[in-house]
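Sharing a structure, written as structure tokens. Questions coming.
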Amino acid sequence: MLFTDTKAQAARAGSKLIKAYRAACACRPVRKWQTIVCAIIFTIPFLSSAGYASQPGLHADQEISTAGYYQLSWTRDDAVADAYMLEETDEGAGSTSIIYEGVDTATVISGKPDGVYHYTLRTVDGSSIGKPVTITVKHHPLATAFNFFLVGAIVFIFILVAIIRGNRTQATQR
């Protein structure tokens, strides 16, 4: 009797879980294997981000920056170091500098011109932690930016004209 109750409870819980996956995946699977595939696809981002956070060393939120800003982060390990230094090497200028020193586990780099930058996380005594990270900054061409501006201005003018015409039409009908 106890086994039957547990089996029924598990079946009810399983059907609730399947319904939750269907709703979350925005799909209505017809067969059980489709539900399982949907559930796996739903959980993959959570599994990959959990592994990312536990890896020691330096991580970047992007490898190619088109805006000149990006975030570098690392996991804190008190057994390795109490404070960290972040070293930047500019490939174009050939210069190396310390851009961060402290106990935080992330920093945002901004205002970078086009180029290739290498970052190394170090302990305060200078030993390297993990692998270096390389970021390539490549801004959008100025012509592309002007084209986006032009398209935005045209859309703005069309919307403005539509609002004014609609308002005039409504005023004359009264």
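Tell me the label-point distance for the pair ASP78, VAL103, using the 7 Å Cα-to-Cβ offset, in nm and rounded to one decimal.
Those two pseudo-labels are separated by 0.9 nm.
Between LYS131 and ILE64, what is the label-point separation in nm under the 7 Å Cα-to-beta-carbon projection?
1.9 nm
If amide hydrogens are placed 1.01 Å from N in the peptide plane, which non-local residues have theirs closer than 5 Å to the one on THR75?
GLY57
No value in this document is a laboratory result; all are computed from the given coordinates. Fair warning: this is a prediction, and the values are worked out from it, not measured in the lab. Because the Cβ atoms are built from the backbone with ideal geometry, glycine has one as well, and the counts that use them run over all protein chains shown.
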